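Below is one structure, written out as structure tokens; the observations come after it.
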Amino acid sequence: MDHFELRNGVLHCEEVPLPEIAAAVGTPVYVYATATMRRHVAVLRAALAPLDDPLIAYAVKANPNGAVLATLAQAGLGADVVSGGEYRRARAAGIPPEAIVFSGVGKTAEEMALALDGGLYQFNLESLAEAEMLSAVAASRGQEAPVGFRINPDVTAGSHAKISTGAAENKFGIAIGEAAEAYARAAALPGLRVRGVAVHIGSQLTSLAPLATAFERVGGLIRTLRSAGHAIEVADLGGGLGVPYDPALPPPPSPDDYGRMVCRIAGGWGVRLVFEPGRLIVANAGVLLTRLIRVKPGARHPFLVVDAAMNDLMRPALYDAWHAIDAVEPRGGRTIANVVGPVCETGDTFATAREMDSVAPGDLLVFRTAGAYAAAMSSTYNSRPLTPEVLVDGDRWVLVRPRQDVATLIAGDRIPPWLGITGS
Ligand code: LLP
């Protein structure tokens, strides 16, 4: 459920008509609904209510805007971070250190030191080599790092290949068959307190079965580790629950279904459970608001050229992702069209032969479900400045990231002095 609805023929975000934002900020612009984020937090919290003190650590990568993080911090969420930058953003937004988990295969010694100094709940380690590096960093500073290993349970997540992470051939985690050895080795290292396990098998999962299989395997591993003398107190079950993008497809399992499955499998493990939802919290809380520049005839269907492009919303180009496209002020008719951006690549295509609202040049459109992995993955390709972001709360709204200007882009470059160019 989201808070983008037609009122008197005009699409609103909560109480705010989207044309008002377009007029004030220009397009393209991302617009986020506070109410949707809060609702998703409440729904997930309710689904996990039978558990004893679960930690919901929002996956910052999904949408790292400080205003989003601060909204979620206020709603009581922690953070799952994968870089020093995300750690600092989470802290800057008011997320307490004891609610931060640090994931990722490539943490550097500098990032480890940053999190050790600032404090965190747990490092999720992905290799023995990483454990050895963290041990050296922590021990040399007289600190003790709370750690768990991310286990690769070797399950097929059934999601897009580029966002599936739990198969043996993926780069993530320690093979479940090698885990006992890794725990034994890590437990002997100074500066580490080995007390957790973690798993995350992929994103936009539309079935609970692979998650359930992965969790069963983690449960078995916890028993093995305990009988080997490891005190396992934390199990991080990752994120990954899918959200509805296409209303014509069956919806993914609900947070309630997910919560019931988790309680059934993991409720009796005697650990604190951690969750790392990203998309579930923010995806449907955002739209990318764009304007139709022109209509260009095509061989089979017309091309609707909008002012947003693949640099603003990469998901269709990268994963063939489907985003609903709706007119902000529908004219009543329907059409079949290709929706494309201005970037000079055929991949800059948002939709092909899409049945959608009829629109005319100058009309506003939205790409829905653009709160997660959208602004977060944008770039300045084709020297297109980063798109601004707006947060709505009821009838008020505020720019939470101004539009980057081209002068800033140009000023970021340094021209070698020997070229003798001073610019204009
Ligand atoms: N935890 C870990 C360790 C992760 O790697 C991820 C996502 C999450 C949690 C959050 O997963 P979620 O609940 O959002 O599914 N850019 C892609 C998605 C990449 C996901 C990467 N890891 C997309 O646009 O679909």
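The values are calculated or read from the model by the stated rules, or taken from the named source; none is laboratory data. Please read these numbers as outputs of a predicted model, since none were measured by experiment. Heads up, the Cβs are rebuilt from the backbone with ideal geometry, glycines too, and the neighbour counts pull from every protein chain shown. Surface accessibility is based on the protein's heavy atoms, side chains included, excluding ligands, DNA and RNA. Shrake-Rupley method; radii C 1.70, N 1.55, O 1.52, S 1.80 Å.
Some notes on this structure:
- Checked against (1) away from the ligand (no atom under 16 Å from the Cβ); (2) surrounded by fewer than 19 Cβ atoms within 10 Å (Cβ to Cβ), LYS171 passes all but a single condition, namely (1).
- Positions within segment 307-347 being more than 15 Å from ARG291 (Cα to Cα), in contact with a Phe, Trp or Tyr (Cβ under 7 Å, 6 or more places away or on another chain) and either polar (S, T, N, Q) or surrounded by fewer than 18 Cβ atoms within 10 Å (Cβ to Cβ) (or both), in sequence order: ASN311, TRP322
- Residues in segment 372-424 that are out of contact with any Ser or Thr (no Cβ under 8 Å at 6 or more places or on another chain), surrounded by fewer than 15 Cβ atoms within 10 Å (Cβ to Cβ) and of a type in the set (A, V, I, L, M): VAL398, ALA407, ILE410, ALA411, ILE415, LEU419, ILE421.
- Residues that are open to solvent by 10 Å² or more (accessible area, probe 1.4 Å) and under 13 Å from VAL359 (Cβ atoms), drawn from segment 284-295: ARG291, ILE293, ARG294, VAL295
- Of the residues making up segment 371-411, those that are of a type in the set (D, E, K, R) and assigned to a strand (DSSP E or B) number 4.
- Taken together, the residues in segment 121-135 that are away from the ligand (no atom under 15 Å from the Cβ), touching a strand residue (DSSP E or B) at 6+ places or on another chain (Cβ under 8 Å) and either free of Cβ contacts under 8 Å to residues at least 60 places away in the same chain or not hydrophobic (A, V, I, L, M, F, W, C) (or both) amount to 3.
- Within segment 224-239, if we keep just the residues that are assigned to a loop (DSSP other than H, G, I, E, B) and open to solvent by 10 Å² or more (accessible area, probe 1.4 Å), the residue that is nearest to ASP53 (Cα to Cα) turns out to be GLU233.
- Out of GLY142, GLY118, GLY158, sole residue that is open to solvent by 40 Å² or more (accessible area, probe 1.4 Å) and in contact (Cβ under 8 Å) with a residue 24 or more places away in the chain: GLY158
- Hey, ASN284 in a helix (DSSP H, G or I) and either in contact with a helix residue (DSSP H, G or I) (Cβ under 9 Å, 6 or more places away or on another chain) or touching a residue at least 12 places away in the same chain (Cβ under 8 Å) (or both) or not: yes
- Residues that are in contact with a Leu (Cβ under 9 Å, 6 or more places away or on another chain) and open to solvent by 10 Å² or more (accessible area, probe 1.4 Å) were ranked within segment 206-223; the one that is nearest to the ligand (Cβ to nearest atom) is THR206.
- Residues that are away from the ligand (no atom under 16 Å from the Cβ) and among the charged types (D, E, K, R) were ranked within segment 317-352; the one that is farthest from PHE367 (Cα to Cα) is GLU345.
- Taken together, GLU355, GLU329 contain a single residue that is under 25 Å from ALA24 (Cα atoms) and among the charged types (D, E, K, R), which is GLU329.
- Flag if VAL366 is in a strand (DSSP E or B) and surrounded by 16 or more Cβ atoms within 10 Å (Cβ to Cβ): yes
- Residue in segment 168-179 that is aliphatic (A, V, I, L, M), without any contact (Cβ under 8 Å) to a residue 24 or more places away in the chain and assigned to a helix (DSSP H, G or I) present: no
- Residues in segment 54-99 that are basic (Lys, Arg) and more than 16 Å from GLY238 (Cα to Cα) were compared, and the one that is nearest to the ligand (Cβ to nearest atom) is ARG89.
- Of the set (1) open to solvent by 40 Å² or more (accessible area, probe 1.4 Å); (2) within 16 Å of the ligand (Cβ to nearest atom); (3) in the same structural domain as LEU237 (by TED's automatic domain parsing), all apply to LEU273 but (1).
- Here GLU111 fulfils each of the conditions (1) within 28 Å of ALA184 (Cβ to Cβ); (2) within 14 Å of the ligand (Cβ to nearest atom); (3) among the acidic types (Asp, Glu) apart from (2).
- Among the residues of segment 234-254, those identified as within 11 Å of the ligand (Cβ to nearest atom), within 20 Å of ALA372 (Cα to Cα) and in contact with a strand residue (DSSP E or B) (Cβ under 9 Å, 6 or more places away or on another chain) are LEU237, GLY238, GLY239, GLY240, LEU241, GLY242, PRO252.
- For the condition within 11 Å of the ligand (Cβ to nearest atom), open to solvent by 10 Å² or more (accessible area, probe 1.4 Å), in contact (Cβ under 8 Å) with a residue 40 or more places away in the chain and within 18 Å of ALA161 (Cβ to Cβ), SER203 qualifies.
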